[in-house]
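**Student:** The structure follows.
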Amino acid sequence: MIFDTHAHYNDEQFDNDRDELLSSMSENGVGLIMNACSNLDEIPDILSICEKHPFIYGAVGIHPEDVTGLAPDYLDRLREYSKHPKIKAIGEIGLDYYWTTETKSEQQRILGEQVDLARELKLPVIIHDREAHGDCIRILREHKVYECGGVFHCYSGSTEMLHDVVDEFGMYVAFGGSLTFKNAKKNRAAACAVPLDRLLIETDSPYLSPVPYRGKRNSSIYLVEVVKLLSELRGIPAEDIERITEENGRRLFGI
């Protein structure tokens, strides 16, 4: 059974066929989905999806691109939403310097505050790290992320950085459609180096569709392509990749 550990089914790209698509997951070998969050406004829709579909769980958190104009009481609101039994993580949170560096200090402060919240609530974090590896590792270390754990989603770091992520922090590492891209040499090296008991798979739906679906809207159904590639890279049967990553995801999120 496939566990998609990072998707965004509340996204408007699914508005026309969301229920139909999600109802087809089981017959396509997808058994569990973690729906990640970007901002406070998304949370009611995420909770609604989680309540309607027993196999979908959720996270709450503020994405680094959504830190501007954040409500002063955002931590209290995240804390309250986290009481819902289907909420299993704080995320996605992190740093993103790809689009802008003007909000660097704000991103860093809010990442630290949310890691502290995760530790308080004893929930894992879902980390978004884009073009910000050094600062991300530093802040996670300063805020003792090893006390709550979590996952680096859509991992883009080096194999050397895995020492910090896996060995020091005890975190998991997730790979998705970008692993299938032609220029994914660094990603594939990291995917081969991650200990099997820390490996996860994800889609980031509706984004980052794997080859041969690149350019189309992504969905958990396409994760089979990531499983196939990981099977080839690691020399392990595809069914074992599915089983291992499902067990890892359940362990991480307490499902």
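**Student:** Heavy atoms only, probe 1.4 Å: what % of the accessible area of the stretch 1-131 goes to carbon and sulfur, would you let me know?
**Tutor:** 44 percent
**Student:** Would you please put 13-25, 124-136, 95-107, 240-252 in order of how densely packed they are, using the mean number of other Cβ atoms within 10 angstrom per residue and starting with the highest?
**Tutor:** Details: 13-25: 14.2, 124-136: 21.8, 95-107: 15.7, 240-252: 19.2.
Averaged packing, sorted descending, gives the order 124-136, 240-252, 95-107, 13-25.
**Student:** Hey, another quick one. Based only on Cα atoms, what Rg/Rh ratio does the stretch 201-244 have, Rh being taken as Kirkwood's radius?
**Tutor:** Details: Rg = 10.6 Å, Rh = 10.6 Å.
When Rh is taken as the Kirkwood radius, the ratio is 1.00.
**Student:** Just want to confirm a number: the relative contact order over the stretch 171-255, from Cα pairs under 8 angstrom separated by 6+ residues, in percent.
**Tutor:** Once normalised by length, the contact order is 31 percent.
**Student:** In deg cm²/dmol, rounded to 500, what helix-only [θ] at 222 nm does the chain give when every DSSP H run of at least 4 residues adds -39500 (n - 2.57) and the total is split over its residues?
**Tutor:** Roughly -10500 deg cm²/dmol at 222 nm, from the helical runs in the chain.
**Student:** In whole angstrom, and with the biggest value first, how far do the Cα coordinates of the stretch 73-113 range along each principal axis?
**Tutor:** So the three principal-axis extents are 36, 19, 13 Å.
**Student:** Which whole number in µm²/s is D for the stretch 58-214 by Stokes-Einstein, with the Kirkwood Rh taken over Cα pairs at 4 °C and 1.567 mPa s? Could the numbers behind the result be given before it?
**Tutor:** On the way: Rh = 15.9 Å.
Approximately 81 µm²/s, per Stokes-Einstein.
**Student:** Still on this structure, I have one more. What share of the DSSP beta bridges in the chain is antiparallel, in percent to the nearest 5?
**Tutor:** Here the antiparallel bridges make up roughly 0 percent for the chain.
**Student:** Given the options Asn16, Cys50, Gly254, identify the residue whose Cα lies farthest towards the positive end of the charge dipole of the chain (+1 on Cβ of Lys, Arg; -1 on Cβ of Asp, Glu).
**Tutor:** Of the options given, the answer is Gly254.
**Student:** Once you keep just the Cα pairs under 8 angstrom separated by 6 or more residues, what percentage relative contact order results for the stretch 79-126?
**Tutor:** Across the stretch 79-126, relative contact order equals 51 percent.
**Student:** Report, to two decimal places, the Cα Rg of the stretch 1-119 normalised by 2.2 N^0.38 Å (N = number of residues).
**Tutor:** Here the answer is 1.11, to two decimals.
**Student:** I've got another one for you. Grab the eigenvalues of the alpha-carbon gyration tensor for the stretch 20-88, scale each by 5, take roots, and send me the semi-axes largest first in whole angstrom.
**Tutor:** 26, 12, 9
**Student:** For Lys122, project a label point 7 Å along Cα to C-beta. Then give me every residue of the stretch 138-167 with its amide nitrogen under 14 Å of that point.
**Tutor:** 147-149
**Student:** Continuing with the same structure: About the Cα centre, and with charges only on the beta carbon of Lys, Arg (+1) and Asp, Glu (-1), how big is the dipole of the chain? Nearest 20 debye, please.
**Tutor:** Values: 28 positive and 43 negative charges, 135 e Å.
So the dipole magnitude of the chain works out to roughly 640 debye.
**Student:** Right, next: Under the definition of Cα pairs under 8 Å and six or more residues apart, what whole-number percent is the relative contact order of the stretch 45-102?
**Tutor:** It rounds to 45 percent for the stretch 45-102.
The values are calculated or read from the model by the stated rules, or taken from the named source; none is laboratory data. Note that this is a predicted model, so its numbers are computed, not measured. Here Cβ is always computed from backbone atoms with ideal geometry, including for glycine, and neighbour counts include all displayed protein chains. The protein model used for the area step is the full one, side chains on, heavy atoms only, and it has no ligands, DNA or RNA in it. Shrake-Rupley method; radii C 1.70, N 1.55, O 1.52, S 1.80 Å.
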